[in-house]
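The values are calculated or read from the model by the stated rules, or taken from the named source; none is laboratory data. Not measured: the values here are computed from a predicted model. So basically every Cβ, Gly included, is an ideal-geometry build from the backbone, and we count neighbours across all protein chains shown.
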Amino acid sequence: MKAGCSQRKLEVFVFIFNLCFYASCQVNKLQICRLCSGTVPNATEVGHFCFKSAGTIDGRCCLSNYNTTDPEHIIGLDLSNCSLVHVEDLQGASTAVIIDLSHNPIVNISDTTFQGFIDLIYMILPEDIVCPGGNTSWDKVSVKDGNRVCQGQKNICNQTGQLSTNCPENSLCAPYGPGFFECSCADYYHGYKCLRKGEFPALQVFGPLGASTVVISFLLWVTQRRKAKSL
Amino acid sequence: MPPPCCGYLSQYTHHHLVAFLLTFFSYVLLHASRKTFSNVKVSISAQWTPSVQNDSAPAFSPGETWQNNHLFADEKEATLFLGALDSIFLFSYAVGLYLSGVIGDRVNLRYVLCFGLCGSAIVEFVFGTLTEWLRIYNVYLYCVLWVLNGLLQSAVWPCVVAVMGNWFGKTGRGFVFGLWSACASVGNILGAVLASSVLKYGYEYAFLVTSVVQFAGGIVVFFGLLTSPKEVGLSLESDTGLSPVETDTDSHRPLMSDEEDEGELYGRQNQSIQQLDEPPAEAPQAVGFIQACCLPGVLCYSLAYACLKLVNYSFFFWLPFYLSNNYGWKEAEADRLSVWYDVGGIIGGTVQGLISDFMGKRAPVLALSLAVAMGSLVGYSHSPNDQLINAVLLATTGFFIGGPSNMISSAISADLGRQEALRGSQEALATVTGIVDGTGSIGAAAGQYLVSLIESGLGWMWVFYFFIVMTGGSIVFIFPLLFSELRAMWRDRRALRRQL
């Protein structure tokens, strides 16, 4: 009973948390698309891509038209020529397939900036910036017109869907952005460090236990304590 | 003439059987929940720590699954804390034993026993289950709860021994108590089975199941336990203190079991039932703590038990670790092998109890067994890397160390609490049991710390030397009793010869 109660509380808590988180995401996304003035130019890679995949251009973003659950699903981000020195929080654009950061005086990009960018397969960076996750995380790294182009994100897990040596026991390795992987619990496992398996059969355990306690208590009272005298 | 064993058993009613089983299972459940704690240690320390990674590799994501719990930086620190919790528990248990024995002799034993069982079940539930459900991981909370658990659990042992002492007189005490003191070992096995069968659902369910079962045990005890034969109008077993069986005409009676005798026995019982219809005699007064300490034999046996429980509990806590550490055997194999020590202890306690019943003396049996134990410890420390030989040696060591240990903590405690010096006018059983077991627990707690210290500093061989010295120490403490008992035996024999 108590387990159910606490779990329900937890669910409510998670729901509220999600609401807040989702709202902040919305704001973030719009901020990313307005990080710099103007819209995505047609001639750039992102512009071509957006045209091919029939997306809508909103500021510096290309939004997908096919995603009904999330109307602001970013599939392309073009921040070229934006005078960016530091690239900090791009998490709102984690669904992007293509990102262009060329022609910016960027000093360096933190490794974790692109953590969770699972769909990213094409990236344009200033020449002196290495591809996120290093060259080993990409199928092809080239320099074109003074820009570094990172193509085709490699799957860091040996084989998706199998228990990988990268991940601890009871968890599966899944790609989680360039150079990153995620360890999610395997089937039936859940909880912290995926240590728990299945649901505890509370009724099957406590039902018979409670019943036998009552029966034994009653039997013993009748045979033993009924005629007992207090000393 | 029927075989003597039937006469031996005919003195017992179904009330005796129920009292035996209820006290037995009370302690089984208690020890099962103790074993649960030592069996879920790995899971708990995993829950309290973030995942370990090589320095070069990034931390596992998502963080809420792998990195969020930071009670301890790594599993080593968590293990240290769990070891500290063990020591805290043993110390508060020892302190609690001194107190609860005194309380047990003054308040109804059934209430104290029930309170101890249910109270510690609730504390274990809060410790293992509630903190996990609410995600409260706090070192101080854990410590406070475990101190409380030690105090509550300590209420149980003096009470169950006192109830057993009330029901089973000196005649068959050594054997019955030897059999009965298997409860700790049975509890270990039950705890291991319960914990391993629900551990996959999460360690909190291991705590939940054992604490709920323990609570149910407390309820059954409340409704079913008769603390003394007097409660149903049976007379107390004829208790003549520490005099030997041969010269004790009263305790000869059940052993002979002639029909006349049985008739007389039943007549006596009926008589006592009639007597109890009259207003009962004034309840006996409980002895004070100091007074109980000064009873003959209490101090000597307490100190001897401190040395012996140190060795015995060190085997309980460290044996699987030693086996997997020294021989490189797998943890599951080591766990399975260490059961043989318990088995040896059960058999040893029963057989030695039976021998001491027939001799009418306990100290000579103890001293002899302990002397052999020193030899078997030397033998065990030189055991070859072979599981079969190791198991045999282990069972032998258990027979000679666990046996005396079980005997002192149960049969001898009951002897001491019902001895002649009290003349049956005072309640001392629980108090004396508390003193003996409490002193023993202090020894065990100190041993926990000393063994790890000696092991890390000097190696396992010195741990065994330490055990041998401690066993020798317990012989030294028993020596005065041995001397006086042997002298009494000698005197009796001479008197008997003179009569002839």
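A quick yes/no check of all residues on (1) farther than 22 Å from B:Tyr301 by Cβ; (2) aliphatic (A, V, I, L, M); (3) outside any helix (DSSP H, G or I):
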position	(1), (2), (3)
B:Thr431	no, no, no
B:Tyr449	yes, no, no
B:Met461	yes, yes, no
B:Ile468	no, yes, no
B:Val476	no, yes, no
B:Phe479	no, no, no
B:Arg497	yes, no, no
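Picking from A:Ile106, A:Ile99, which residue would you name as being assigned to a strand (DSSP E or B), surrounded by 14 or more Cβ atoms within 10 Å (Cβ to Cβ) and either away from chain B (no Cβ under 14 Å) or more than 17 Å from the chain's Cα centre (by Cα) (or both)?
Numbers: A:Ile106 fails: assigned to a strand (DSSP E or B).
Criteria check complete, one pass: A:Ile99.
Looking only at the range A:175-199, which residues are in contact with a Phe, Trp or Tyr (Cβ under 8 Å, 6 or more places away or on another chain) and surrounded by fewer than 18 Cβ atoms within 10 Å (Cβ to Cβ)?
Selection gives A:Lys197, A:Gly198, A:Glu199.
As an exercise: evaluate A:Leu209 against (1) among the hydrophobic types (A, V, I, L, M, F, W, C); (2) over 20 Å from B:Ser196 (Cα atoms); (3) facing chain B (nearest Cβ under 7 Å) and give the number of the one condition it does not meet.
Failing condition for A:Leu209: (2).
Can you pull out every residue in the range B:314-359 that is assigned to a helix (DSSP H, G or I) and of a type in the set (Ser, Thr, Tyr)? Quick ask: steps written out before the conclusion?
So the first thing to find is which residues in the range B:314-359 are assigned to a helix (DSSP H, G or I), and the list is B:314-326, B:331-359.
Once the filter is applied, which keeps residues that are assigned to a helix (DSSP H, G or I) and of a type in the set (Ser, Thr, Tyr), the range B:314-359 yields B:Ser314, B:Tyr322, B:Ser324, B:Ser338, B:Tyr341, B:Thr350, B:Ser356.
Between B:Ser43, B:Ser92, which is among the small types (Gly, Ala, Ser), within 30 Å of B:Val287 (Cβ to Cβ) and not assigned by the TED database to the domain that holds B:Thr431?
Values: B:Ser43 fails: within 30 Å of B:Val287 (Cβ to Cβ).
Just one listed residue meets the conditions, B:Ser92.
Out of the residues in the range A:55-89 that are among the hydroxyl-bearing types (Ser, Thr, Tyr) and surrounded by 19 or more Cβ atoms within 10 Å (Cβ to Cβ), state the one that is modelled with the highest pLDDT. Even if it seems obvious, please write down each step before you answer.
Within the range A:55-89, the first condition is being among the hydroxyl-bearing types (Ser, Thr, Tyr), and the residues that meet it are A:56, A:64, A:66, A:68-69, A:80, A:83.
Keeping just the survivors that are surrounded by 19 or more Cβ atoms within 10 Å (Cβ to Cβ) gives A:64, A:80.
Numbers: A:Ser64: 82, A:Ser80: 85.
Result: A:Ser80.
I'm trying to understand the selection: among the residues of the range B:199-230, which are assigned to a helix (DSSP H, G or I), within 7 Å of chain A (Cβ to nearest Cβ), within 20 Å of B:Ser45 (Cα to Cα) and touching a residue at least 12 places away in the same chain (Cβ under 8 Å)?
B:Tyr205, B:Val209
Please go through the range A:38-72 and pick out each residue that is of a type in the set (A, V, I, L, M) and not in a loop (DSSP other than H, G, I, E, B). Working first, answer last.
Here is the first cut: in the range A:38-72, the residues of a type in the set (A, V, I, L, M) are A:40, A:43, A:46, A:54, A:57, A:63.
Within the range A:38-72, A:Val46, A:Ile57, A:Leu63 qualify.
So which residues in the range B:55-108 are more than 11 Å from chain A (Cβ to nearest Cβ), assigned to a loop (DSSP other than H, G, I, E, B) and buried (at least 18 other Cβ atoms within 10 Å of the Cβ)?
B:Phe72, B:Asp105, listed by residue number.
Just give me the residues in the range A:189-206 being part of a helix (DSSP H, G or I) and either more than 8 Å from every other protein chain (Cβ to nearest Cβ) or closer than 30 Å to B:Leu22 by Cα (or both), in sequence order. Let's see the steps before the verdict.
Kept after step one, since they are part of a helix (DSSP H, G or I), are these residues of the range A:189-206: A:192-194, A:202-206.
A:Ala202, A:Leu203, A:Gln204, A:Val205, A:Phe206, listed by residue number.
Using the structure shown, decide if B:Ser185 is at pLDDT 85 or above and within 29 Å of B:Gly128 (Cβ to Cβ).
Values: at pLDDT 85 or above: no; within 29 Å of B:Gly128 (Cβ to Cβ): yes.
It is false that B:Ser185 is at pLDDT 85 or above and within 29 Å of B:Gly128 (Cβ to Cβ).
Quick one: which residue in B:Leu179, B:Leu194, B:Leu130, B:Leu148 is closer than 21 Å to B:Ser413 by Cβ, in a helix (DSSP H, G or I) and not assigned by the TED database to the domain that holds B:Val343? Before you say what the answer is, go through the steps one by one.
Values: B:Leu194 fails: closer than 21 Å to B:Ser413 by Cβ; B:Leu130 fails: closer than 21 Å to B:Ser413 by Cβ; B:Leu148 fails: closer than 21 Å to B:Ser413 by Cβ.
Every option except B:Leu179 fails the conditions.
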